[in-house]
1. Could you compute how fast region 1-95 diffuses translationally, taking Rh as the Kirkwood radius over C-alpha pairs and applying Stokes-Einstein at 10 °C with viscosity 1.306 mPa s? Give it in µm² per second.
2. How would you classify region 199-249 from its alpha-carbon gyration tensor, with a ≥ b ≥ c the square roots of the eigenvalues: rounded for a/c under 1.5, else prolate if a/b is greater than b/c, otherwise oblate?
3. Along the positive direction of the dipole of region 53-123 (beta-carbon charges: Lys, Arg +1; Asp, Glu -1; about the Cα centre), which of S92, I68, T115 reaches farthest?
4. Tell me, H19, H158 in order of fewest to most beta-carbon neighbours within 10 Å?
5. Taking 25 Å as R0, compute the FRET efficiency from the Cβ-Cβ separation of F168 and R208 and round it to 0.05.
6. In whole angstrom, note down how far apart the Cα centers of region 1-70 and region 128-207 are.
7. In the chain, with Lys and Arg counted as +1 and Asp and Glu as -1 at Cβ, which of these residues, A166, A79, N48, has the Cα nearest the positive end of the dipole, that is, farthest along it?
8. Among [x] 6, 26, 35, 23, 8, 2, 0; [y] 6, 25, 30, 23, 12, 4, 0; [z] 5, 18, 22, 22, 19, 11, 4, 0, 0, which is the computed P(r) over Cα pairs in 10 Å bins from 0, in percent?
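Throughout, read-outs are computed from the coordinates displayed, never taken from laboratory work. Values in this document were obtained by computation on a predicted structure and should not be read as measured data. Positions of Cβ are backbone-derived with ideal geometry, glycine not excepted, and every protein chain shown enters the neighbour counts.
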Amino acid sequence: MYILGIDGGGTKTKASLFHEEKGFIWEEEEDAANPHSTSYAHSVEVVNRLINKAYEAHFLSENTELSIGLGVAGLGRKADQIKWLKYFQESSLCLHKIKEFVVENDGKIALYSETLGRDGIVSICGTGAITIGVHQAKTVRVGGWGHLVGSDPGSGYHIGSQALIAVFDELDGLGPETMLTSLILEGETINRMEDLVPILYQDFEKQRIAAFASYVFQAANQKDEVAINIIRETAKGIARRGGILFQKLFQTDVKNIPFVLAGGIFQNDFIVKEVTAELAAISSVKVIKAQRHPVVGSIVLVLKQQGYSAEQIETMLTNTSGRQKRGL
C-alpha cells in the first residue's frame, strides 16, 4: 500500500511517498498550492505534477494501489474542498491510478502530524496564522482570514507589522526607544528608517513583512522591552484563540487535550514559553511543540479513513521510522 501525502502551503508544497512496510521512500517540493493566493487551476496543477513525479521517481505501475492525502492552505471550508476536487477531476490524467483521495485543510494535517489522528487543537503561526480544533468529526477554526483582515494575529506578518509600527512610532516621538531600530537599520543595510518606506511599498509582499519578525526575536533576546511586549501580547492572543476553541469543542472535565504549536514562529523558544504559560490557565490542555513535518499528517488522514486507530498508526510510523526521510 502506497500513500502520497501532500502539504500544500501558501509558500511551497511538500509531498512524501509512504509505504506501510518501507516507510517514507521519496519526497519532493513544488510551488505554493493555496488556491486563494494563486488559483484553483494552479493549485491542482501543482498537485498533478507531484503525483506524476511520484510515479516517475519510483516507476509505479498502473496497477499500483495508491491513495492520496492532501492538506491545502485555504481549503478550510467544505465548499472550497468540493470546488478543488471538481477542478482536479476535470483536469487530472491520474484519476484511474488513484484508489482514494482525502482532501482537508493544512491545519488538520498539522494537528494530525503530532496526534496521529486524535482530537485536539493546533495553532499554526507562520507567515499567516490560524487556530483549528477537531473533536468527534467536528472541526472549528478561529482566525486565518488573511493578512488584510486583522493582520492574522500570531503570524509572522503580524509580528513584523508590530515591529515596523514600533520603529516608526519611535521616529515620530510616539513610542519608546527600541533596539529594533538599530537591528533593522543594520539588517536592511539602510542609513535611516525613512529609507525603508519606498522599499516596502514598491515591492510589497506579506512574506517580506513577516521577515521582520526575526528582528523582534533578536531584540527580545537582548532584553528589549518593546520586543518582549510584542511577543507577550502575541502569546496572549494565540492562547485566547485556543481557549475559545477549547470552550466550543471540549468539556471542562476532559484531560490532556493536545494543543499543538506548529509553524515557523514557534521555532523561537521565548514565544513557545510565553504561549505555554498563558495556556496554563486551561488545565485540561497539554501543549506540544510540533516535531514532525505536516506532510506526515496528510499520510495520517488516509490511514485514519482506512480505519486505523491512532495507536496502530503510531506503531506503523514507529516501525518504519528508521527509513524515514530526514525532517519528517
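1. Working: Rh = 13.5 Å.
The calculation lands on 118 µm²/s.
2. On the way: a/c = 3.97, a/b = 1.44, b/c = 2.75.
It comes out oblate by the Cα gyration axes.
3. The Cα lying farthest towards the positive end belongs to S92.
4. Working: H19 15, H158 26.
Ordered by Cβ neighbours within 10 Å, fewest first: H19, H158.
5. Values: r = 16 Å, r/R0 = 0.64.
The formula returns an efficiency of 0.95 here.
6. 32 Å
7. Farthest along the dipole direction, towards plus: A79.
8. Calculated P(r) over Cα pairs in 10 Å bins from 0, in percent: the matching label is [y].
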